[in-house]
1. What full-extension length gain, to one decimal in nm, is calculated for L32 and S84 as 0.36 nm per residue of separation minus the Cα-Cα distance?
2. When the Debye formula is applied to the Cα atoms of the stretch 13-93, each taken as the same point scatterer, what base-10 log of I(q)/I(0) results at q = 0.11, 0.14, 0.25 Å⁻¹?
3. Using θ = phi - 60° and the Karplus relation 6.51 cos²θ - 1.76 cosθ + 1.60, list the HN-Hα couplings for the stretch 74-83 in order, rounded to whole Hz, with x at every Gly or Pro.
4. GNM, the chain, Cα, under 10 Å: largest mean-square fluctuation among G55, G31, G98?
5. What residue among V62, V17, V35 shows peak mean-square fluctuation when the chain is described by a Gaussian network model with Cα springs under 10 Å?
6. Connecting C-alpha atoms closer than 10 Å in a GNM of the chain, tell me which of A77, A107, A92 has the biggest fluctuation.
7. Taking only C-alpha pairs under 8 Å that are 6+ residues apart, what is the relative contact order of the chain in percent?
8. Using only DSSP helix segments of four residues or longer, with each worth -39500 (n - 2.57), what per-residue ellipticity at 222 nm results for the chain after dividing by its residue count and rounding to 500?
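The values are calculated or read from the model by the stated rules, or taken from the named source; none is laboratory data. What you are looking at is a predicted structure, and each value in this text was computed from that prediction instead of being measured. Ligands, DNA and RNA are excluded from the accessible area calculation, which covers all protein heavy atoms including side chains. Shrake-Rupley method; radii C 1.70, N 1.55, O 1.52, S 1.80 Å.
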Amino acid sequence: MTPRGRDRALLAVTVAVQLAVLYWPRAAGGGLPYVDKVVHVAVFGAVAWAGCRAGVPHRVLVLLLVAQALVSEVVQARLLAGRSGDPADVVADLVGTGLGLLLAHRAGNDRRQQASWRA
């Protein structure tokens, strides 16, 4: 597998984990305070970081992650039994997105300037 292929596979895995975390019918855990917020930061950060590694343009990545943050809370509030929407989760999602972008940039994992992400 090429490095680009590994980066895309990593992005696919992080997105799959994010979708499972956000749309699982019932939130897991619940014992420790703020664990939910840490999980939101982590899954959005992981997708942002992996997206940078895969060469997804920042504008596209940020737009998709902001939309996901907003839509996921509406879906949790209105469509998933045992789940509730929380505006603080959206804030945690946005913080995670920013941290993921920052980490990718600082670590030199930001491949958006290299070959097109569509290649």
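1. Details: separation 52, 0.36 × 52 = 18.72 nm, distance 1.74 nm.
Length difference between fully extended and current span is 17.0 nm.
2. So the normalised log intensities are -0.28, -0.45, -1.29.
3. Listing the rounded values in order: 5, 4, 4, 6, 9, 10, 9, 5, x, 10 Hz.
4. The residue with the greatest mean-square fluctuation here is G31.
5. Result: V35 has the largest fluctuation of those listed.
6. Of the options given, A107 has the highest mean-square fluctuation.
7. Working: 148 pairs, mean separation 42.1, N = 119.
Relative contact order of the chain: 35 percent.
8. On the way: 4 runs with 81 residues, N = 119.
Helices in the chain give a 222 nm mean residue ellipticity of -23500 deg cm²/dmol.
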